[in-house]
Structure formats: structure tokens, C-alpha cells
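The structure appears below as C-alpha cells.
Only the coordinates and a few stated rules stand behind these numbers; no lab work does. Note that the structure is a prediction, hence the values are computed from the model and not measured. Neighbour counts run over all protein chains shown; Cβ positions are idealised from the backbone, glycine included.
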Amino acid sequence: MSHRSYQPTQSCGSKLLQQKWDAIYYKEHRRLVKSAKPTVDTSAPAKPLHLIAKWKKQQLEKERAEEIERDNYTLMKRMHKVMTTQTSLDTRRHHSLNEEKRQREMERVARENKAMLQRLQKVKPVYRISDWIDDWQKSEELTQRIAAYPTKYPSRSKSAPHGGKRASSGGGGGLAASTPQPMKKSVADTREEGQTETTETKGDTKTG
């Protein structure tokens with residue numbers, strides 16, 4: 001900024017010198033403002049010493065450590081007394097006279113159990129799955145015959161069992177082939193058949 005356009009606050013003989021002096025005064029003023037101390041104390045209050053040191057906690061920890069040390073010392077004295085005092089009781093371990101016999105008996109039982117387990121593992125099964133399948137199919141057929149609303153199930157004669165025995169045309173000794181048994185006739189059906197046979201007989205007589 002040129003000193004010619006500078007406008008001082010007060011009248012002066014030289015604008016150039018007045019501009020320099022005002023700049024010096026302003027810098028000094030800013031320095032004093034920055035370094036000025038506040039008249040009101042806004043800092044946090046000092047924390048009490050007993051809250052920082054926690055003397056109560058330290059005292060409890062010290063008392064606990066002393067108690068543990070005292071208990072350890074008492075226990076050590078008791079252990080030393082037990083180890084150094086001679087007792088009148090016989091603390092030797094007496095061996096039983098039947099110990100060897102019991103040991104032999106246990107070994108014998110273990111051998112027998114092992115042999116029994118091997119025999120059980122080698123035994124062949126008695127029941128055959130094919131027999132179970134035949135029984136199930138037979139029970140299903142009987143259920144369908146007596147059911148009021150039967151459903152369609154495969155017949156035993158159509159489904160061959162897994163390894164089951166079937167009677168061959170050449171001989172017996174096996175399971176017979178399953179054939180559907182005739183349904184039992186009711187009393188009404190028997191009467192109708194009897195009447196039909198009577199009518200046919202009469203017709204034959206007239207014809208003769």
C-alpha cells in the first residue's frame with residue numbers, strides 16, 4: 001500500500017513516517033494481546049490426593065498380603081511338625097494273602113469274556129430277511145381282503161423276495177407259490193346259486 005493513499009487517524013506532517021509508526025504500534029499491540037494473562041481462572045480444580053493415591057485400596061491389599069503370608073507360615077509350621085514327629089501308628093502297607101488269587105481270578109474272567117465275545121461275533125444270524133418279506137406280503141394280502149376300501153398293493157406272486165425259497169415245479173420242501181385264495185361266498189349268494197340250479201333242472205325236465 002502506498003503511503004500517498006494512507007489515511008492516518010490523526011494529523012501528521014509525513015504520511016510515510018506515520019504509516020511506519022502505526023505498523024510498529026500495531027505489531028506491539030498484537031504481541032501484548034497474545035501474551036496477556038486472563039484475569040479469571042478457568043482451569044480445572046486440583047484433584048484431591050486421596051482420590052489419586054487410593055490409600056484405602058492399598059491398605060486392603062497390604063492387609064490381604066499380610067494375612068496370606070501369615071497363613072502360609074502357619075501351614076509350613078504344621079507340615080514341618082508332621083514330617084518331623086514320630087507316630088506310634090504303623091503306616092506300612094500290608095499285603096493281602098489272597099491278592100494273587102484275586103488277580104488270577106480276574107485274569108480268568110477276562111479270558112472267558114473275551115472268548116465269549118469272539119463266539120458271539122462268529123455266530124451266524126438265524127432270521128432271514130426273505131422270510132420277513134414273505135410274512136409282510138402275506139399280511140398285506142390278508143389286510144386287503146378284509147378291508148372295506150382296499151388299495152392296490154403288489155401281489156406276493158409278482159414280487160420276488162431277496163433270496164427267499166420258492167416251490168419249484170419239480171418237487172416240494174420249499175415254500176409254496178402264493179396263489180390267491182377264493183373268496184368265501186355269503187348266504188345270499190349260495191341261495192341264488194341254489195335257485196338257479198333248481199330252475200335249470202326244471203327246464204331240463206320239461207325239455208325231456
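Looking only at the stretch 84-118, count every residue that is assigned to a helix (DSSP H, G or I) and hydroxyl-bearing (Ser, Thr, Tyr) and tell me the total.
The qualifying residues number 1.
Among the candidates Lys81, Lys57, which residue alone is within 47 Å of the chain's Cα centre (by Cα), assigned to a helix (DSSP H, G or I) and loosely packed, with under 10 Cβ neighbours inside 10 Å? Outline the logic, then answer.
Numbers: Lys81 fails: within 47 Å of the chain's Cα centre (by Cα).
Criteria check complete, one pass: Lys57.
For the stretch 1-22, which residues satisfy the criterion of being exposed (fewer than 10 other Cβ atoms within 10 Å of the Cβ) and not basic (Lys, Arg)?
Result: Met1, Ser2, Ser5, Gln7, Thr9, Gln10, Ser11, Gly13.
Across the stretch 119-134, what is the number of residues that are surrounded by 10 or more Cβ atoms within 10 Å (Cβ to Cβ) and either assigned to a helix (DSSP H, G or I) or aliphatic (A, V, I, L, M) (or both)?
6
Residues checked against (1) among the aromatic types (Phe, Trp, Tyr); (2) at positive phi; (3) under 57 Å from the mean Cα position of the chain (by Cα):
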residue: Ser5; (1), (2), (3): no, no, no
residue: Gly13; (1), (2), (3): no, no, no
residue: Leu17; (1), (2), (3): no, no, no
residue: Trp21; (1), (2), (3): yes, no, no
residue: Thr42; (1), (2), (3): no, no, no
residue: Glu69; (1), (2), (3): no, no, yes
